[in-house]
Amino acid sequence: MQVTETAASGLKREYRVVVPATDLAAKVDARLGDLKGKVQLRGFRPGKVPVSHLKRIYGKAAMAEVIEDAVREANTKIVTDNGYKLATEPKVVPDEGAVENVIEGKADLAYKVEIEILPPIPLTDFKTIKLERLTAEVTKGEVDQAVQRVAEQNRPFGPKTEAAAKGDRVTVSFQGTIDGQPFEGGAAENVPILLGSAQFAKTLGLESLAKLREGVKERLQREYAGVSRQKLKRALLDQLDQRHKFEPPPSLLEQEFNTVWGTIEGDLKAQGRTFADEGTTEEKAREEYRGIAERRVRLGLVLAEIGEKNNIKVTDEQLTAAVMDRARQVPGQEQQVWDYYRNNPGALAGLRAPIFEEKVVDFLLELGEVTEKPVSREELFKEDEE
């Protein structure tokens, strides 16, 4: 096998690979020799089928397998010998018109292989990262408001014989008139009107208002903690972005941009809007979202490098728990969800990626300096509500 580098530009490499026809033939003969003791053909005793006869029957199939193995071996050798990390799968380009001759054993296996590699990523000293974790206390007033909303959403209504009062819901029909004459738009049938509100905890199956308040407060605390976590993570990613500047592999960048851009175009089309409606042009929007795509690719590579360098992995138990969580979201279809992820490696990888990212984030937050900053609810939610 002869491997020669023929081009190198940025993160792209090109190699010329030649495997002599004699080497291929020897491997085909070895494969057929191994098959000789296993195959049974009419007219021949087991193990007595001539290799020449096997070659007539299975020769092309065996050669195809040998060629596939040779290409895989050559590509592995290129990556291993040069210490490359691949951005994408190698692209093999056979010599034009030579494939049939190679399969028939009449020519050397010669092809070009194009690869794109990942750049070296020198990692920053994560102990120098300084972050603020915004924290907000759940106030009594916020609990009161939330309890009131829960009560309004769950209060029951039924027939009532006495006069309507504040807190009742009534259904009315009316006909408006001007000088005794009906007018267009002045009539309606069965319109519900809420006269007031005065219900709470027992309609929800809770024993007391205190327990309702406790449950509401816990839910609000989880909500606040989630927002705090997302803001802290965003600040961390901003610092990682600032500290790791490098050119991402073009193919990964193009792939990510196409994904982002497809979503943007789809959303605009669904809303019946244009870039002009958004106060921009398609050209400016492309530039903006290409920058977003570049940031995503670079951060993805940085997080992957951190995970590899520090042996951060997603365990089978964690992945199984994620699948079970998804299954619980569709009661009655748990088995279908489980089978879907079990039979779709891509879908399973989609579950693994966010778990891995959160584990790397946790690792970095442990190393960095994180101080807590108490803020109001309004400040905690400010950006999210804009």
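Filtered by the rule that a residue be assigned to a helix (DSSP H, G or I), within 26 Å of ILE312 (Cα to Cα), touching a residue at least 24 places away in the same chain (Cβ under 8 Å) and open to solvent by 40 Å² or more (accessible area, probe 1.4 Å), the stretch 356-386 gives PHE356, GLU357, LYS359, PHE363, LEU367. When ALA98, ALA87 are checked against the criterion of being among the small types (Gly, Ala, Ser) and more than 25 Å from LEU236 (Cβ to Cβ), ALA98 stands alone in meeting it.
Applying the condition of being more than 30 Å from the chain's Cα centre (by Cα), more than 11 Å from GLU137 (Cα to Cα) and at pLDDT 85 or above to the stretch 201-224 and asking which residue is least open to solvent (accessible area, probe 1.4 Å) yields VAL216.
Any residue at all in the stretch 309-316 that is open to solvent by less than 80 Å² (accessible area, probe 1.4 Å), under 30 Å from GLU132 (Cα atoms) and hydrophobic (A, V, I, L, M, F, W, C)? Looking for residues that are open to solvent by less than 80 Å² (accessible area, probe 1.4 Å), under 30 Å from GLU132 (Cα atoms) and hydrophobic (A, V, I, L, M, F, W, C), one finds at least one in the stretch 309-316, hence yes.
Quick check on my filter: what residues within the stretch 254-272 are farther than 13 Å from ARG296 by Cβ and assigned to a helix (DSSP H, G or I)? Even if it seems obvious, please write down each step before you answer.
As a first pass, look at the stretch 254-272 and keep what is farther than 13 Å from ARG296 by Cβ: 262, 264-272.
Across the stretch 254-272, the qualifying residues are GLY262, ILE264, GLU265, GLY266, ASP267, LEU268, LYS269, ALA270, GLN271.
Residues considered: GLN255, GLN242. Of these, the only one that is closer than 14 Å to GLU294 by Cβ and either loosely packed, with under 12 Cβ neighbours inside 10 Å or touching a residue at least 60 places away in the same chain (Cβ under 8 Å) (or both) is GLN242. Considering the stretch 273-325, and only residues there that are assigned to a helix (DSSP H, G or I) and β-branched (Val, Ile, Thr), the residue that is nearest to SER251 (Cα to Cα) turns out to be VAL297.
The values are calculated or read from the model by the stated rules, or taken from the named source; none is laboratory data. Worth saying up front: this structure is predicted, and the values here are computed from it rather than measured. Please note: Cβ atoms are built from the backbone with ideal geometry, for glycine as well, and neighbour counts cover all protein chains shown. We work out accessible area using only protein heavy atoms, side chains counted, and drop any ligands, DNA or RNA first. Shrake-Rupley method; radii C 1.70, N 1.55, O 1.52, S 1.80 Å.
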